[in-house]
Amino acid sequence: MWRARGSTSIQLLVLLVPVIFAFMGFAVDLGRLYMARAELKTAANAMALAAAAELIGTNTSTNAAETVSRLPITEANGAADKYDYGALTIGESNGTLLSEAPAPEFYDAVASALEAGETAGPQASGSDTARHVRVTVTAEAPLTFWKMLPLLQGQNATLRAEAVAGVSAPLCTACGIEAIAVEPLSTEDPADFGFVAGTRYTLGYNCQGNGAPGPLTGTVRRVPYLLVQKYNSSDQVFPDEMSQTFRIGGLGLPASVARALSCMAVDGVESGWSETTALTCQNVRVPGQVLGFLCGLATRFVSGVPNGCENVAGVEAASSALQPDSDVEDREVYEDYTGNRRRVITVAIVDTLGSGEAMTVLGFRQFLLEPNINSTELDATDTGGRFAALYIGSKMPLRGGTVAGCSVASGPGKVVLHR
């Protein structure tokens, strides 16, 4: 009897060995496929986000987006996203396994971009209308145990990953923008606050009293602005106010532990930069903080220290790190702009400008900085603190901010991953 039971156990063990190995093979191959697909998804996400950041509403934006979408999977940058334990380059073949990363697809609406495959809605009618991008990557993954099965012998598993990214809804809190504020030209126009897209304006320092400098040549009118108080007393790199406004003019508000120093919010209350609103128009000069700001703007057009900005603390070292826009030409039409976004500024629209008065933020809108007439530079030493800018609305996605917290129908968004 005992020998019979032992014989049965051995027979059962023999029968279970292939089953056990089958489950082991199932676990190994399935785990490998899940990992490879996760790697493909990571690459697709990176490609979509990189492409969406280039959708700034110009005629060349989709071309630029397609180019940068390849960077996350390009070995040349030294950190290419790969798959299968990071061994295989996406979009290439190693002779045994194939992978593809077709050109991204662009859409006007997020709903169209989210529809998959052949059911997808209409793509963007032009580069200037593209706001969302869909990226698809496919790759063959090797099988270790399953390929020994008769049905899968000699075959690889084909994996697919998709990602959709684009510009979010209008932001309620905008971070990293330029710290200036202007009044609406019309309070009855919630979309553009009375500004007209494609129109050039002179933005000029808000002096007090009569005799304000007129608009610059080639612009339709002068629009007063104020610097918003964002002085950071703990900043060790740019310790004084003039150097901080220079930094804001060159790069926008810096990231800060104190969110109030790096962001502005719709319905939030701001104030003008201290001691910059007292000068009268007849003085025909601007405070040092305003000169610092214009010097920062001027670095978006020239390399090195702009003319007249030599006395800004730390300007030489800072200017060496601030590269000019790749397009510094006079642009009558924003869609013809081919630059790297350095010339686009985002300003707060506030209910009122006034010395010592609280200003409630109504929204954010964008302008394309224009060079001086018959030039490719901006005059940082203008005694009225003036510069020319083309109103573009809400074309360029911002670096940071939040959507929740207000109810606005229009305004700049930021790049987000939809799927």
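Any read-out appearing in this document is the output of simple, stated calculations on the displayed coordinates, not a laboratory observation. As the structure is a computational prediction, the values presented were derived from the model and not from experiment. When we count neighbours, we look across all protein chains shown, and the Cβ atoms used for this are built from the backbone with ideal geometry, even at glycine.
Below 11 angstrom from the Cβ of Glu92, what's the summed charge of the other residues (Lys, Arg +1; Asp, Glu -1)?
-1
Enter the per residue convex hull volume of the range 271-382, computed from alpha-carbon coordinates, in Å³ rounded to the nearest integer.
Measuring per residue, one finds 133 Å³ for the Cα hull of the range 271-382.
Name the residue farthest towards the positive end of the dipole of the chain from the options Gln366, Gln208, Ala380, assuming +1 on Cβ of Lys and Arg, -1 on Cβ of Asp and Glu, about the Cα centre.
Checked the options; the winner is Gln366.
So how far, in whole Å, is the C-alpha centre of the range 149-209 from the one of the range 350-417?
Result: 12 Å between the Cα centres.
Please say if the range 173-413 is rounded, prolate or oblate, where rounded means a/c under 1.5 for a ≥ b ≥ c the square roots of the C-alpha gyration tensor eigenvalues, and otherwise the choice is prolate for a/b larger than b/c and oblate otherwise?
Taking the square roots of the gyration eigenvalues as a ≥ b ≥ c, the range 173-413 is rounded.
Over the chain, with a Gaussian network built from C-alpha contacts below 10 Å, which listed residue (Val284, Val312, Val223) shows the highest mean-square fluctuation?
Looking only at Val284, Val312, Val223, the largest GNM fluctuation is found for Val284.
Convex hull over the alpha-carbon atoms of the chain: what's its volume per residue in Å³?
Measuring per residue, one finds 205 Å³ for the Cα hull of the chain.
Can you tell me which of Ala87, Ala124, Ala141 moves the most in a GNM of the chain? Springs connect C-alpha atoms under 10 Å apart.
In the Gaussian network model the winner is Ala87.
Could you give me the radius of gyration and the Dmax of the range 225-297, taking only the C-alpha atoms into account and expressing both in angstrom?
Radius of gyration, then largest Cα-Cα span, for the range 225-297: 12.5, 40 Å.
Given the rule -39500 (n - 2.57) for each run of at least 4 DSSP H residues, summed and divided by the residues of the chain, what is its mean residue ellipticity at 222 nm, to the nearest 500 deg cm²/dmol?
It comes out at -7500 deg cm²/dmol, rounded to the nearest 500.
Can you tell which of Leu71, Leu291, Leu369 shows the greatest fluctuation in a Gaussian network model of the chain with Cα springs below 10 Å?
Ranking Leu71, Leu291, Leu369 by mean-square fluctuation puts Leu71 first.
Taking amide H positions as placed in the peptide plane 1.01 Å from N, state which residues far from Thr280 in sequence (5 or more) or on other chains have amide H under 5 Å from it.
Amide H neighbours of Thr280: Gln208.
With +1 on the Cβ of every Lys and Arg and -1 on the Cβ of every Asp and Glu, and nothing else charged, how large is the dipole of the chain about its Cα centre, in debye rounded to the nearest 20?
Computed about the Cα centre, the dipole is about 1540 debye.
List every DSSP H helix in the chain whose Cα atoms extend 20 Å or more along the helix's own long axis and whose mean Kyte-Doolittle hydropathy is at least 0.0.
Helix filter hits for the chain: 2-52.
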